[in-house]
Every structure is written in C-alpha cells, then in structure tokens.
1. Tell me, which residue of the stretch 135-151 that is out of contact with any Leu (no Cβ under 9 Å at 6 or more places or on another chain) and at pLDDT 90 or above is farthest from residue 168 (Cα to Cα)?
2. In the stretch 460-479, which residues are crowded, with 22+ Cβ neighbours inside 10 Å and of a type outside the set (Asp, Glu)?
3. Within the group 157, 107, which residue is outside the structural domain of residue 68 (by TED's automatic domain parsing) and over 30 Å from the mean Cα position of the chain (by Cα)?
4. May I ask you to list pairs of residues, at least six apart or on different chains, whose Cβ atoms are under 9 Å apart, with the first in the stretch 180-205 being modelled with pLDDT of 95 or more and part of a helix (DSSP H, G or I) and the second being surrounded by fewer than 15 Cβ atoms within 10 Å (Cβ to Cβ) and among the aliphatic types (A, V, I, L, M)?
5. Out of all the residues in the stretch 370-378, is one or more in contact with a His (Cβ under 9 Å, 6 or more places away or on another chain) and surrounded by 15 or more Cβ atoms within 10 Å (Cβ to Cβ)?
6. In the stretch 433-463, how many residues are outside any helix (DSSP H, G or I) and at pLDDT 95 or above?
7. Residues to consider are 175, 165, 195; find the one that is within 21 Å of residue 284 (Cβ to Cβ) and of a type in the set (Asp, Glu).
8. When you look at residue 477, is it of a type outside the set (Asp, Glu), in contact with a Lys or Arg (Cβ under 9 Å, 6 or more places away or on another chain) and farther than 30 Å from residue 425 by Cβ, yes or no?
Amino acid sequence: MAPIIRTCSAGLAALLALAVAATPVEAQQRNDRLGLYLSARGAEAIGDEDRAAMLYGRLLQRDPANPVIAGEAMGSAISTGRFDLARDVAKNADVRKFDLQGRLFLIADALARGNEAAALAVLSDDAAQANVDFVAPFVRGWIDVTSRRPSARERGIRTVTGIGEGAPMAVFVAEQAAYMHLADKDAAAAAPFIEQALPLAAGRETALRIAFAEGLAAAGDRDAANALLTGDNPSLAAARARLERGQSLGFAVNTPAKAFSQLLLALAIDVNRGQRLDLPLALTQIARAADDKNFQADIVTALLLHQLDRSDEALPILSAIPANSLLAGSARDSEVQILIQTNRLNRALAIAEEEVREMPNAPGVHGRVGDVLGALDRHAEAADAYARERGGRLEDWTLLFLEGAQRNDAGQWKAAETLLRHALAASPEQPLVLNYLGYTMLERGENLEEATAMIERAHKLRPDNASITDSLGWAQYKMGEIDKAVETLGQAVAQESANAEIYEHYGDALYAAGYPIEARFAWGNARRVADEDEGERVVRLDSKLARGLSKANAAP
C-alpha cells in the first residue's frame with residue numbers, strides 16, 4: 001500500500017488514511033467515497049472533464065469537510081464551465097481554503113447576481129488562503145463608480161487610475177478607466193484612456209473598439225464612436241451599421257460584473273503566452289460566469305479547450321453564440337476551423353453551406369465554404385467560393401491569395417498567377433504572398449530571377465520563418481549557388497526540424513555539394529517525418545536513399 005500513497009494525490013491519500021481502523025460501516029462509506037474519487041480521477045485521465053466535475057460534486061456532498069476534495073471539485077467545475085456545480089461546491093465547502101481560481105469565481109458569481117456586498121466580503125477576508133488583492137482595486141472601484149453618489153464615483157475612478165505603473169495589473173488600467181468614464185457618460189475623460197488601451201488590446205482590439213464606440217455613442221459623441229468603427233473588418237462594419245440605425249451593439253461595459261469579466265479575459269490572454277493552459281482556461285471560464293453575454297470570452301474559451309484536445313466541449317460553446325451577435329462571424333470561423341482541424345469535414349461543410357443558404361450576403365460565409373472545400377481537396381470549387389466572397393474586389397489580398405492558391409492546386413496556373421500578382425499589388429510587402437508566388441514559380445522553372453527576388457524580399461521581412469528560409473535556400477540551389485544553398489537550408493532545418501520538405505531540399509543540396517553521407521542522413525530524416533499523404537515525396541526519398549540523387553528523383 002505504501003507505494004500507492006506515495007504516488008497518489010493528496011485527496012486520495014487523505015481518503016486512504018481515513019479508512020485505517022474504521023468500523024465496518026465507516027469503512028464501507030469511505031470505500032464508496034474512494035470509489036467516487038478514483039472514478040473522478042479516471043474521468044479526468046481520459047478527458048471526460050464534465051463527468052469528472054459531476055463526480056467531484058457528488059463526492060463533496062458525502063465529504064464536505066475535505067478541503068482537498070473541495071478544491072479539486074471547484075477546479076473541475078470551473079474548467080468545464082459547470083457553474084451550477086461550482087456554486088454547489090461553494091455552499092458545501094470552507095471557501096476560505098479555495099485556491100485563486102475558486103476565490104475569483106466567488107467574486108464573479110457574486111457580481112453576476114448583483115450581490116456586491118458578497119464580492120466585497122471575499123476581497124476583505126484576510127483569513128483566506130489565496131490572495132486576490134490584485135483585482136481588489138478594480139472591483140471596489142467599479143462598485144463605487146456605479147454608485148449614485150458623485151463622490152463615490154470619483155473615488156472609484158481614482159482607485160483604478162491610482163494603480164502604479166509598476167503594479168502587475170497596471171497594463172489593464174487604461175481599458176478599465178475608459179469603461180468607467182464611459183459608464184459615467186464622460187466621453188472627453190474617456191478619450192485619452194481609449195487611445196492608451198487600443199495598442200494594448202492583444203487580439204481584442206475589434207471587441208474593444210465596438211465596446212468603446214457604444215459607450216461614446218451613449219455619451220453623446222457619435223463622431224468619435226464612428227471613427228473607432230472605420231475599416232473593412234466585418235464586425236466593425238456591422239457595428240457601424242447598427243449604430244447608424246440607433247441599435248444596441250451589445251458590448252457596453254457598465255456594471256461591475258461586465259467589467260470584471262473583461263478584466264479576467266484580458267488577463268487570460270496575457271498569461272496565455274506561457275506553456276500551461278489551465279490558468280488561462282480557468283480565467284476565461286470565470287469571465288463567462290461573471291457575464292454570460294461576453295461572447296468573446298466564449299470564443300477564447302473554446303479555442304483554449306481545442307488546444308487542450310477538448311474540442312467536443314469547445315464546439316457547443318461556439319454554436320451557442322447567437323447569430324445576431326457582432327461576433328457571430330468569428331464564432332462560426334472558429335467552429336469551422338476546429339471541425340477542419342479535427343477532420344470532421346462533412347459536418348464543417350454542412351454548417352458552412354447552411355450559413356450560405358440562410359445569409360447568402362453576410363460577410364465571410366462563402367469564405368468559410370472555401371476553407372472547407374480546400375480541406376476536402378475540392379480546389380476548383382474552393383476557388384469559386386473565395387471568388388464569390390471577393391465579389392470582384394482587387395484590394396483584399398487575403399481573398400486574392402486564397403483564391404489563387406486554390407486555382408494553383410486545381411491545376412489552373414495562369415488564373416492563379418494573375419490572382420497572386422493582384423494580391424501582391426494589393427499588399428506589396430506581404431511575405432506570405434511573396435514566398436508563395438516566388439516558390440511556385442521556382443517549382444515550375446519559370447522566371448527564376450524574379451522568383452528569387454520575391455523570396456529574398458520575403459526573407460528580409462520574416463527571417464525567422466522556416467518555410468521562407470527553405471524557399472530562399474531552394475532558390476539559391478536552383479540558381480546554382482550550391483554552397484549558399486547548403487548554408488541557408490541548414491538554417492531552415494534548425495528553425496523547423498520536423499518538416500520533410502525542408503529536409504529533402506537540404507539533402508539534395510548536400511549531395512550536390514559533394515556530401516553524400518550527410519545527404520543520406522537528411523533524406524532519412526525527411527522520410528521519418530513525412531506525412532502519410534506525401535506519397536510522391538516518399539517515393540523520391542526511397543529512391544534517393546537507395547541510389548543517390550538523379551534527375552528522376554530530384555525535388556521539384
């Protein structure tokens with residue numbers, strides 16, 4: 001028994017310890033609890049987080065005094081977005097022993113229910129084990145700002161803007177202060193904070209622009225609101241149209257709960273730069289608990305779940321985002337991409353085509369069909385879908401590039417080249433277009449000098465991109481600069497060591513440079529990492545490994 005206790009969790013160790021010297025009835029009860037615990041851990045191990053959360057909840061009902069079980073139950077409930085279970089855990093446990101996630105959930109849940117006193121009590125509990133002081137100024141400030149007393153509102157804004165520049169949460173002050181001034185209908189005071197907040201948005205700029213625009217319009221500054229919504233972004237365009245019609249955008253941040261939700265979402269994105277995803281996921285889930293209309297938190301939560309191989313939990317979150325939300329297009333994009341990446345292509349196509357039938361003129365719907373058709377290797381149809389999305393416009397380099405790439409894959413090179421050159425004209429310094437067009441011409445043996453010049457430009461713009469470095473090395477090889485090619489392709493291998501194409505190019509260059517043994521090592525690595533669908537490459541590599549490089553087996 002000793003080895004089991006040494007390798008098990010604290011919760012299991014506690015349950016096993018309680019079973020020692022128990023009466024038969026007590027032993028049976030504790031065995032039942034042990035069975036529940038093992039079942040919960042087993043559900044976690046196979047990725048059934050929802051069942052794990054339910055089992056932890058049942059276990060806590062039988063053992064409410066166990067702080068370890070309470071902590072695991074709360075963590076599991078938050079991770080799965082089972083806020084009902086999280087509330088049950090809080091009712092049956094000593095909340096002072098909750099970890100950071102549990103304490104933040106208590107604040108979020110209290111604010112969502114409008115119980116500001118309960119939220120303040122969590123912040124003021126000095127006996128709690130987890131310190132949540134870092135969010136205290138924001139929560140207290142917002143509770144003051146939404147007070148009817150002018151002195152309290154002023155104090156609330158000072159509480160947040162008084163956070164020092166060196167404080168851990170200082171990066172979020174401008175955004176929160178902007179929301180506060182807008183909630184107070186003071187557009188002039190909000191303006192400098194809006195200007196500071198947008199460059200710090202870290203992927204949330206579209207949502208922030210819409211939220212700030214709605215606040216500015218409500219404060220009477222419609223010109224400033226419209227200025228924030230300029231551009232071709234579909235969500236901004238839709239927001240602009242709604243604002244002109246006097247409709248709500250659904251993004252106003254004017255309550256402590258909504259502000260806390262936005263704060264946690266911003267924090268989650270900030271901490272997601274690390275390797276672990278459990279904390280960012282917990283933060284986005286708690287953001288959802290604070291504001292069930294924070295659809296951006298839904299999208300980020302779903303993407304994190306997908307990264308954790310929990311796509312079956314991610315997809316229902318995305319599909320539940322209503323079609324009338326300004327973020328509905330982003331939600332459908334994420335849903336379709338997850339389905340493509342998990343090889344559920346028929347379902348992805350059905351969703352994308354249904355959207356076309358229901359909203360044939362909505363931005364993005366034909367592009368999503370193109371994405372799925374491309375993944376299905378139906379390249380000509382994918383190109384047609386991108387063409388419908390583009391609608392004849394020549395200023396959108398992304399759609400021109402996507403359509404051109406699909407035309408190329410469909411064997412329609414002349415049409416593809418025209419589209420790709422239009423894409424390059426629309427965005428002359430776009431490394432993706434420069435590299436793709438240049439490399440395709442290399443493969444076809446056309447305009448080698450122009451192709452090399454394009455790839456060199458792309459490499460100057462993105463020297464750390466392995467695919468572009470590989471293209472440059474291959475261009476040098478094609479131009480007869482073998483020694484340069486060996487050096488450059490060696491850099492590409494160092495940048496990305498699991499790419500069969502790069503290894504094959506490196507092997508060909510090494511062989512041409514007079515290093516046949518080193519070339520075989522490179523080809524062997526290419527053969528090892530080649531995908532199952534790279535049949536032609538595998539045949540070439542087998543031939544090279546058996547007989548060396550020849551015109552018949554050279555990479556194109």
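The values are calculated or read from the model by the stated rules, or taken from the named source; none is laboratory data. What you see is a predicted model; the values in this text were computed from it and never measured. Heads up, the Cβs are rebuilt from the backbone with ideal geometry, glycines too, and the neighbour counts pull from every protein chain shown.
1. Filtering first and then ranking leaves 146.
2. The answer is 468, 469, 471, 472, 473, 474, 475, 476, 477.
3. 157
4. So the pair list comes out as 181/188.
5. yes
6. Result for the stretch 433-463: 2.
7. Just a single option satisfies the conditions, and that option is 175.
8. Considered against the rule, which asks whether it is of a type outside the set (Asp, Glu), in contact with a Lys or Arg (Cβ under 9 Å, 6 or more places away or on another chain) and farther than 30 Å from residue 425 by Cβ, residue 477 comes out as no.
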